[in-house]
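The values are calculated or read from the model by the stated rules, or taken from the named source; none is laboratory data. What you see is a predicted model; the values in this text were computed from it and never measured. So basically every Cβ, Gly included, is an ideal-geometry build from the backbone, and we count neighbours across all protein chains shown.
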Amino acid sequence: MPRKKRVWQPNMCHHVMLRGIDGRAVFEDNRDRSRFCLLLQEAAERHSFRVHGFCFMTNHIHLLIEPGSEALHTGVHRFVSRYAQHFNKRHSRKGYVFQGRFRSVVVQDGVYMKRLIRYIHLNPLEAGLVKTPKDYPWCSHNAYFGRAVFIWLETDRVLFHFAETPSEALAKLSIFMNAKAKTSEDAETIRSAFRSGVYGSEKFTRVFSPNHKQPNIKIGRRVSLEELVDGVCDRFEVNVVDLSSGKRSPHIVHARAVLARLCQQLECFCLNDASSVLNKHRSSVSRLASFVTKSPQLSTIASELLQSFG
C-alpha cells in the first residue's frame with residue numbers, strides 16, 4: 001500500500017506527533033528528555049524551523065512546528081533519527097524507537113491554533129499524570145507563563161491569537177486553558193485531523209487536503225476568455241502584456257496563477273486556454289493553478305471572481 005501523502009506548507013504551523021514503537025517509552029528519564037531538547041534545538045537552527053509548542057509524554061511526543069523553506073520532514077527526520085541512535089546506545093538496545101514515520105497536520109491560524117495549544121498542554125492531565133499543566137515540567141505551558149525557559153521555543157505567534165499585548169494574551173490564555181467544557185470535543189477533532197492531514201475550518205480543509213479535487217464549476221451565463229482575462233487584470237491591476245511577459249513581480253505571478261485556476265475550474269475553459277494567454281507550457285500553467293489551491297488568500301480571490309461572473 002502506498003504511503004499517504006504528507007501535507008505541509010512553509011511558514012504555516014504543523015502539529016507533529018511521534019509515538020514509541022508498540023506503545024513503548026521513548027524517554028526513560030530526564031536525561032533522555034534533555035538530549036531530545038538539544039537535538040530539537042540543533043535541527044531548528046540548521047533547518048530554519050520554529051517550535052511554538054511541545055509536550056513530551058512517556059511514550060509519545062507532541063510538537064507545534066512552523067517549517068521555513070525546507071520541507072517539514074527534512075528537519076524533523078534529522079533530530080528524530082539522531083535521538084533514536086542516542087536512545088538505543090544509552091539503553092543498550094537495538095531496533096526502532098518510534099512507530100513508523102512521524103504524523104503531521106497543517107493547522108489553520110486563529111481559533112484552531114488556540115485549541116491545539118490547549119490540547120497539547122492538557123495532555124498530561126488527560127493521562128492522569130498531574131492535576132494542572134504547571135505541574136508538568138516537560139511541556140511548553142510553563143514557558144508560556146515565564147515559569148520555565150527553553151531558548152528554542154517561540155510563543156509570540158500563538159499568543160498573538162489571544163491578544164496583541166503579552167500581558168493581555170497570557171490572561172486570556174489562562175482563562176482559555178480552564179474552559180474545559182469544549183476540550184473533549186476539541187480533542188476528538190484534533191485526533192481525527194491526522195486522517196486528513198489538515199486541522200481547520202471546512203474551507204481551509206478543502207483547500208489543503210491532498211485528496212481534494214475541486215469539481216468544474218458551471219456559471220449562470222457564458223463567459224468569454226477575453227472577459228475572464230479582463231476580470232483578472234482588473235483585480236490585480238495588471239494588463240494582458242504583463243501576463244504573457246517574463247516579469248516575476250508577485251502580483252503578476254498571482255494574477256497568472258488565478259487565471260490558470262479559473263480556466264481549470266470553469267467548465268467552458270481548460271488549461272490550454274490559459275496557456276495561450278500566458279504564453280507558457282501547459283505543465284507550467286498546471287503548476288500555477290496548483291499554487292492557488294495552497295494559498296487561502298488566492299483561493300478567496302478566485303472564488304470572488306467566479307461569483308462576479310455569475
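Just checking, how many residues over region 194-213 are aliphatic (A, V, I, L, M) and at pLDDT 90 or above?
Of region 194-213, the ones aliphatic (A, V, I, L, M) are 198, 207.
Narrowing the set further to residues that are at pLDDT 90 or above leaves 198.
Total satisfying the criteria: 1.
When you look at Val111, is it surrounded by 14 or more Cβ atoms within 10 Å (Cβ to Cβ) and not charged (D, E, K, R), yes or no? Answer is no for this residue.
Of the residues making up region 126-152, those that are part of a loop (DSSP other than H, G, I, E, B) and either touching a strand residue (DSSP E or B) at 6+ places or on another chain (Cβ under 7 Å) or at positive phi (or both) are Gly128, Trp138, Ser140, Gly146, Trp152.
Does Ile190 count as at pLDDT below 75 and β-branched (Val, Ile, Thr)? Walk me through it before giving the result.
Values: at pLDDT below 75: no; β-branched (Val, Ile, Thr): yes.
No.
Screening region 75-98 for residues that are surrounded by fewer than 20 Cβ atoms within 10 Å (Cβ to Cβ) and at pLDDT below 90 and picking the one that is nearest to the chain's Cα centre (by Cα) gives His77.
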